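Step one of this worksheet: look at the structure below.
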């Protein structure tokens with residue numbers, strides 16, 4: 001017969017709890033009303049993601065971005081460095097660079113921005129650069145011709161699997177997000193994106209934010225399942 | 001006993017028809033579907049309305065605007081002349097002037113424009129300048145300090161009483177307008193404005209248009225009565 005110490009019992013229980021998933025990644029049930037389920041909204045300003053080679057050209061060999069502040073999504077940050085976007089039709093100065101570096105350059109604009117530059121950018125989820133437009137990225141040390149890099153971000157929701165369960169939605173589902181301000185707007189085609197390191201938030205751009213007259217701070221919208 | 005000529009009969013019948021409203025201002029029933037009732041949408045770019053005194057200062061005494069093209073609303077037109085809007089924070093060049101002249105200056109911007117100028121403009125229906133922001137209007141002959149003139153236009157629907165009857169709405173009613181593009185958006189608080197010289201159209205600004213990815217040309221949206 002085996003005898004167990006208090007420490008043994010504690011370890012066994014801890015192990016069972018850990019394996020059961022109890023108390024781990026358990027999302028709180030969203031606050032519900034007639035308007036839908038409450039969900040935080042964040043506005044993405046225009047920005048660029050750079051690859052290693054482009055950062056070398058724009059800021060110098062082996063340059064390292066300086067973090068200005070963390071963004072809500074784990075590991076993502078806004079850097080102190082800025083670039084200028086240039087086309088033959090126009091330019092936009094002081095555009096933020098998000099870190100960390102990526103395998104491909106990606107420039108995310110609003111349609112208002114795209115009009116200033118005179119580029120025809122498609123609506124895409126981040127990472128999908130099919131049909132993306134061209135732009136020159138200008139830094140203090142050089143210029144990169146970023147072909148096929150410019151998109152207008154499709155509105156999306158970041159959430160974990162536990163969040164998805166709490167909201168009753170699945171990865172890739174198209175939902176509606178309503179913003180109940182003095183300029184009430186509903187975005188009817190917003191994509192759910194599920195990943196374990198995501199932090200719950202709807203991401204919209206400044207055209208969508210302006211149409212709803214929301215800005216900065218902590219905005220709460222409502223998620224409504226599409227029929 | 002009185003006898004009536006053919007002409008008398010014709011006149012009597014014409015008079016009865018005229019008074020009954022039969023065949024007059026009878027709007028066609030809107031095309032309906034699950035999405036709502038079809039309705040034309042027009043995008044208003046940033047523009048200014050000027051009073052007589054301001055036009056004198058900006059372009060010279062007794063200056064007369066040159067019509068570039070008629071707008072959809074009866075009597076309204078875009079002029080060839082342009083002005084620049086200036087604040088200490090920014091400026092926007094080549095802003096259109098709508099004719100005819102009005103009793104008060106009114107500058108209609110999008111929130112994107114307001115951000116460029118650094119002004120805090122309220123959402124208002126045209127003509128309501130409560131809390132409107134200040135801006136300098138610069139013309140070839142002078143500068144006008146247009147205090148309390150800058151608003152962001154509240155989305156609205158122009159229609160006649162006959163249209164209102166056909167759509168089952170009344171003047172001042174708040175309805176929803178959906179735009180079924182690849183960036184489907186519903187504006188949930190759009191005001192019905194009824195006047196006999198109005199031409200059926202929803203008027204939205206460029207932030208709302210960009211959020212829905214609609215631009216130029218002939219856009220059809222759907223009107224949905226709010227619950």
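The values are calculated or read from the model by the stated rules, or taken from the named source; none is laboratory data. All of these numbers come straight from a predicted model, not from anything done at the bench. Positions of Cβ are backbone-derived with ideal geometry, glycine not excepted, and every protein chain shown enters the neighbour counts.
Can you report the number of residues in region A:102-122 which are in contact with a strand residue (DSSP E or B) (Cβ under 8 Å, 6 or more places away or on another chain) and more than 13 Å from chain B (Cβ to nearest Cβ)?
8
Test each condition in (1) in a strand (DSSP E or B); (2) surrounded by 13 or more Cβ atoms within 10 Å (Cβ to Cβ) for residue A:69 and report the one that comes out false.
Residue A:69 satisfies every listed condition except (2).
Just need a number here: residues in region B:118-145 that are buried (at least 22 other Cβ atoms within 10 Å of the Cβ) and not in a strand (DSSP E or B). Before the answer, list the steps.
Of all residues in region B:118-145, those buried (at least 22 other Cβ atoms within 10 Å of the Cβ) come to B:121, B:132-133, B:135, B:137, B:144.
Within this subset, residues satisfying the condition of being not in a strand (DSSP E or B) are B:121, B:132.
Adding up the residues that qualify gives 2.
Here is a list: B:148, B:90, B:172, B:99. Which entry is under 23 Å from residue A:185 (Cα atoms), modelled with pLDDT of 95 or more and either buried (at least 17 other Cβ atoms within 10 Å of the Cβ) or more than 14 Å from the chain's Cα centre (by Cα) (or both)?
Result of the check over B:148, B:90, B:172, B:99: B:172.
Filter region B:175-189 for residues that are closer than 11 Å to residue B:209 by Cα and more than 8 Å from every other protein chain (Cβ to nearest Cβ); which is surrounded by the fewest Cβ atoms within 10 Å (Cβ to Cβ)?
My answer is B:181.
Tell me which residues, restricted to region A:148-172, are more than 14 Å from every other protein chain (Cβ to nearest Cβ) and either free of Cβ contacts under 8 Å to residues at least 40 places away in the same chain or in a strand (DSSP E or B) (or both).
Once the filter is applied, which keeps residues that are more than 14 Å from every other protein chain (Cβ to nearest Cβ) and either free of Cβ contacts under 8 Å to residues at least 40 places away in the same chain or in a strand (DSSP E or B) (or both), region A:148-172 yields A:148, A:149, A:150, A:157, A:158, A:159, A:164, A:170, A:171, A:172.
List pairs: first in region B:202-227 and without any contact (Cβ under 8 Å) to a residue 60 or more places away in the chain, second surrounded by fewer than 16 Cβ atoms within 10 Å (Cβ to Cβ) and not in a loop (DSSP other than H, G, I, E, B), Cβ under 7 Å, 6+ apart or cross-chain?
Short answer, once both residue conditions are applied: B:226/B:174.
Determine which single condition residue A:54 fails, assuming it passes every other condition in (1) assigned to a helix (DSSP H, G or I); (2) under 21 Å from residue A:204 (Cβ atoms); (3) touching a residue at least 12 places away in the same chain (Cβ under 8 Å).
That leaves (2) as the condition not met.
Only residues that are crowded, with 16+ Cβ neighbours inside 10 Å and in a loop (DSSP other than H, G, I, E, B): list them for region A:72-87, please.
A:73, A:87
On the basis of being without any contact (Cβ under 8 Å) to a residue 40 or more places away in the chain and not assigned by TED's automatic domain parsing to the domain that holds residue B:203, does residue B:108 make the cut?
no
Would you tally the residues in region A:74-90 being under 25 Å from residue B:209 (Cα atoms) and touching a residue at least 40 places away in the same chain (Cβ under 8 Å)?
3
What is the number of the single condition among (1) surrounded by fewer than 20 Cβ atoms within 10 Å (Cβ to Cβ); (2) outside the structural domain of residue A:178 (by TED's automatic domain parsing); (3) in a strand (DSSP E or B) that residue A:38 does not meet?
So the condition that residue A:38 fails would be (2).
For region A:44-54, give me the residue count where each residue is surrounded by 13 or more Cβ atoms within 10 Å (Cβ to Cβ) and out of contact with any strand residue (DSSP E or B) (no Cβ under 8 Å at 6 or more places or on another chain).
Adding up the residues that qualify gives 1.
Does residue B:62 fit the bill of being at positive phi, free of Cβ contacts under 8 Å to residues at least 60 places away in the same chain and outside the structural domain of residue B:178 (by TED's automatic domain parsing)?
Yes; evaluated as a whole, the condition is true for this residue.
Does residue A:225 qualify as being over 23 Å from residue B:203 (Cα atoms), in contact with a strand residue (DSSP E or B) (Cβ under 7 Å, 6 or more places away or on another chain) and within 10 Å of chain B (Cβ to nearest Cβ)?
Numbers: over 23 Å from residue B:203 (Cα atoms): yes; in contact with a strand residue (DSSP E or B) (Cβ under 7 Å, 6 or more places away or on another chain): yes; within 10 Å of chain B (Cβ to nearest Cβ): no.
It is false that residue A:225 is over 23 Å from residue B:203 (Cα atoms), in contact with a strand residue (DSSP E or B) (Cβ under 7 Å, 6 or more places away or on another chain) and within 10 Å of chain B (Cβ to nearest Cβ).
May I ask you to list the residues in region B:175-194 that are over 12 Å from the mean Cα position of the chain (by Cα) and without any contact (Cβ under 8 Å) to a residue 40 or more places away in the chain?
B:181, B:182, B:183, B:184, B:185, B:186, B:187, B:188, B:189, B:190
Every residue, every condition in (1) under 14 Å from residue B:138 (Cα atoms); (2) touching a strand residue (DSSP E or B) at 6+ places or on another chain (Cβ under 8 Å), yes or no:
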{"site": "B:36", "(1), (2)": "no, yes"}
{"site": "B:42", "(1), (2)": "no, yes"}
{"site": "B:58", "(1), (2)": "yes, yes"}
{"site": "B:62", "(1), (2)": "no, no"}
{"site": "B:66", "(1), (2)": "no, yes"}
{"site": "B:69", "(1), (2)": "no, yes"}
{"site": "B:72", "(1), (2)": "no, yes"}
{"site": "B:83", "(1), (2)": "yes, yes"}
{"site": "B:89", "(1), (2)": "no, no"}
